[in-house]
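Participant: Could you have a look at this structure, given as structure tokens, before my questions?
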Amino acid sequence: MKKNMIIGTRQSLLALWQSNYIADRLREKYPDCTVTLKKIVTKGDRILDVPLAKIGDKGLFTKELETALVEGEIDLAVHSLKDMPTKLPTGLILTAITERAKAGDAFVSNKYKRIEDLPKRAVLGTSSLRRRAQILAARPDLEIVDLRGNVDTRLKKLDTGNMDAIILAAAGLERLGYKDRIREIIPNSFCLPAVGQGALAIETRENDHEIRSMLGFLNHEITQQATDAERAFLALLGGGCQVPIGVHATIENNNIEITAVIASLDGSTVLRDKIQGQTKDNIALGTALGRKMLENGGQKILAEIL
């Protein structure tokens, strides 16, 4: 058993919470192993004055951590699964997917209880094209403004700025102790979450069998099956931060249901569909749903965006 383990992490409060959560579980499981964190700054952390979609999203919050893995500076990296590209660098693998927390988006406002309560021309902040497009599809009367920064920064901008509300991932707010700021978990019928939202991904070197064996207990099989289906859908479409794509899979009694949405940037065109089947066919089902939606109008939507 390895006696020292180094976890690579981003420096935001949320990333540190996530990495410390994994570190504590490892220390509890392996009390004789010393677990330390190595803070690493990613491109997405450095550039805060440009919308995410304009930076380019291939490894925006992961590339530097993956470089440290490949070069042996760290033994594992902890990510928000929703930040992970569907194609990993050669030699790296997702060894564990943790049990999913809330997958949905949270409506946060100091004035209003629900997103439906926002008056016409209300100002709503979000950095996500996925959220923007789905919200505009239902509420084209709202003014959507770009909102970058970590969770604390975004909350401060709401409290001190001219926004009426903001949208953040519910899981991140709860992990940082801001559950009381959540006014509403936005229904999936209104806004589907991002691929893998709410789950953590543990990335390692594929050939580091000792580390992979030690981390196996962190994997939550049902979450992995659901998010593998979501990632298969996204991999077929080839989208990321630059494309308004939402997808969410649920599993019950060995059956999986995958619901997805592809939307135009302004929300004027929204394609929504779902597929059901046996959990053992999760990846094939995610791919099949992607193909069906591309054939039924998704290809045209994506062609106008990319």
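The values are calculated or read from the model by the stated rules, or taken from the named source; none is laboratory data. This is a predicted model, so every value here is computed, not measured. Backbone-built Cβ (ideal geometry, glycine too); neighbour counts: all protein chains shown.
Participant: Among (1) within 18 Å of the chain's Cα centre (by Cα); (2) of a type outside the set (A, V, I, L, M); (3) outside the structural domain of R272 (by TED's automatic domain parsing); (4) part of a strand (DSSP E or B), which single condition is G246 missing?
Facilitator: (3)
Participant: At least 3 residues that are farther than 19 Å from R114 by Cα in each: list the helices (runs of 4 or more DSSP H) lying fully within segment 150-216 that qualify.
Facilitator: Numbers: elements: 151-160, 170-175, 209-215.
So the answer is 151-160, 209-215.
Participant: If you check T67 against the conditions, is it hydroxyl-bearing (S, T, Y), modelled with pLDDT under 95, out of contact with any His (no Cβ under 9 Å at 6 or more places or on another chain) and part of a helix (DSSP H, G or I)? Walk me through how you get there before you give the answer.
Facilitator: Values: hydroxyl-bearing (S, T, Y): yes; modelled with pLDDT under 95: yes; out of contact with any His (no Cβ under 9 Å at 6 or more places or on another chain): yes; part of a helix (DSSP H, G or I): yes.
For T67, the condition - hydroxyl-bearing (S, T, Y), modelled with pLDDT under 95, out of contact with any His (no Cβ under 9 Å at 6 or more places or on another chain) and part of a helix (DSSP H, G or I) - is met.
Participant: A further question follows. Please go through (1) touching a Gly at 6+ places or on another chain (Cβ under 7 Å); (2) part of a loop (DSSP other than H, G, I, E, B) for Q134 and return the number of the only condition it doesn't satisfy.
Facilitator: Of the numbered conditions (1) touching a Gly at 6+ places or on another chain (Cβ under 7 Å); (2) part of a loop (DSSP other than H, G, I, E, B), the odd one out for Q134 is (2).
Participant: If L234 satisfies all but one of (1) in contact with a Leu (Cβ under 8 Å, 6 or more places away or on another chain); (2) buried (at least 21 other Cβ atoms within 10 Å of the Cβ), what's the number of the condition it fails?
Facilitator: Of everything listed in (1) in contact with a Leu (Cβ under 8 Å, 6 or more places away or on another chain); (2) buried (at least 21 other Cβ atoms within 10 Å of the Cβ), L234 misses just condition (1).
Participant: Considering only segment 22-34, how many residues are in contact with a strand residue (DSSP E or B) (Cβ under 8 Å, 6 or more places away or on another chain) and either assigned to a helix (DSSP H, G or I) or buried (at least 20 other Cβ atoms within 10 Å of the Cβ) (or both)?
Facilitator: So the answer is 4.
Participant: Name, by its number, the condition in (1) modelled with pLDDT under 95; (2) crowded, with 21+ Cβ neighbours inside 10 Å; (3) more than 21 Å from A169 (Cβ to Cβ) that does not hold for I7.
Facilitator: Tallying (1) modelled with pLDDT under 95; (2) crowded, with 21+ Cβ neighbours inside 10 Å; (3) more than 21 Å from A169 (Cβ to Cβ), I7 fails exactly one: (1).
Participant: For segment 275-300, how many residues meet the condition of being assigned to a strand (DSSP E or B), surrounded by 15 or more Cβ atoms within 10 Å (Cβ to Cβ) and either more than 23 Å from the chain's Cα centre (by Cα) or not aliphatic (A, V, I, L, M) (or both)?
Facilitator: Filtering segment 275-300 down to residues assigned to a strand (DSSP E or B) leaves 275-278.
Then keep just the ones that are surrounded by 15 or more Cβ atoms within 10 Å (Cβ to Cβ); that gives 275, 277.
Those still in the list that are either more than 23 Å from the chain's Cα centre (by Cα) or not aliphatic (A, V, I, L, M) (or both) too: 277.
The qualifying residues number 1.
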